[in-house]
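Scroll down for the structure; my scribbles are underneath it.
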Amino acid sequence: LHVGYPSRDEEVQILLRTTGAAEAPASTVIDGAKILAIQHAIRAIVVPQSVAEYAVDLVRRTRPASADTPDSVKRYVRWGAGPRASQYLALAGKVHAALAGRFNVAREDIAAAAPLVLRHRLILNYRAEADAITADKLIAELTGKR
């Protein structure tokens with residue numbers, strides 16, 4: 001998720017709403033039991049072996065020292081994603097599948113989740129900055145979404 005700067009008018013409203021004495025009323029949107037039920041349902045969605053392997057291989061290709069890492073990653077990444085990235089790719093893939101009405105995760109779900117999961121996990125080097133290479137560009141290359 002990219003969050004840019006607000007417009008001037010939005011920034012004025014932020015200032016006015018957050019520096020006064022008035023408090024906005026809070027209302028319950030969803031309760032804890034419902035959140036837990038949704039989490040349980042999401043975790044029940046199946047990740048096939050081949051999709052799990054795709055997620056792990058994708059994460060491993062973000063690491064500059066891995067054997068099958070693309071030259072662009074070797075050139076621009078100082079530190080790649082760790083094992084937790086694979087876990088969160090699977091969980092985000094499950095959510096993506098659920099939102100599409102499916103009961104199993106596809107490679108496309110993992111690829112769709114990749115920018116959100118991997119973006120902040122890649123530490124790029126100075127060469128990447130000099131060449132205007134972003135984590136998103138590298139992830140798009142790794143997932144074939146140039």
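A few comments on the model shown:
- Largest to smallest accessible area among LEU16, LEU99 [probe 1.4 Å]: LEU99, LEU16
- Cα gyration tensor category, rounded, prolate or oblate, for segment 34-146 with a/c compared to 1.5: prolate
- Estimated at the nearest 10 Å², the accessible area of LEU15 is 100 Å² with a 1.4 Å probe.
- Label-point separation in nm, ASP131 to ALA33, each point 7 Å along Cα→Cβ: 5.6
- Charge dipole (debye, nearest 20) of the chain; +1 at Cβ of Lys and Arg, -1 at Cβ of Asp and Glu: 460
- Helix-only mean residue ellipticity at 222 nm for the chain, each DSSP H run of n ≥ 4 adding -39500 (n - 2.57), per residue, nearest 500: -17000 deg cm²/dmol
- Amide H contacts of LEU124: ARG78, each under 5 Å away and 5 or more positions distant or on a separate chain (H built 1.01 Å from N in the peptide plane; Pro and chain starts excluded).
- Estimated inter-spin distance, HIS40 and ALA24, nm [label 7 Å along Cα→Cβ]: 3.2
- In the context of the full set of protein chains, residues of the chain present 70 Å² of accessible surface per residue (probe radius 1.4 Å, heavy atoms only).
- Whole-percent carbon and sulfur share, accessible surface of the chain, 1.4 Å: 57
- Cross-link reach list, lysines versus LYS74, counting only Cα pairs under 25 Å and skipping chain neighbours closer than eight places: LYS137, LYS145
- Sequence-distant aspartates and glutamates (8 or more away, or on other chains) whose Cα lies within less than 12 Å of LYS94: GLU108, ASP109
- Using heavy atoms of the protein chains and a probe of 1.4 Å, the accessible area assigned to HIS120 is about 130 Å².
- Sequence of GLU53, GLU23, GLU141 when ordered by accessible area, the most exposed leading, probe 1.4 angstrom: GLU23, GLU53, GLU141
- For the chain, the membrane-span-like helices by this rule, meaning whole DSSP H stretches whose C-alpha atoms cover at least 18 Å of axis and whose Kyte-Doolittle mean is 0.0 or above, are 83-99; this says nothing about an actual membrane.
- Gaussian network model of the chain, Cα within-10 Å springs - most flexible of TYR88, TYR76, TYR126: TYR126
- VAL29 exposes around 140 Å² of accessible area when a 1.4 Å probe is run over every protein chain in place.
The values are calculated or read from the model by the stated rules, or taken from the named source; none is laboratory data. As the structure is a prediction and not an experimental result, all values here were calculated from the model. Note: ideal-geometry Cβ built from the backbone for every residue, glycine included; neighbour counts use all protein chains shown. Keep in mind that these areas ignore ligands, DNA and RNA; they rest on the heavy atoms of the full protein, side chains included. Shrake-Rupley method; radii C 1.70, N 1.55, O 1.52, S 1.80 Å.
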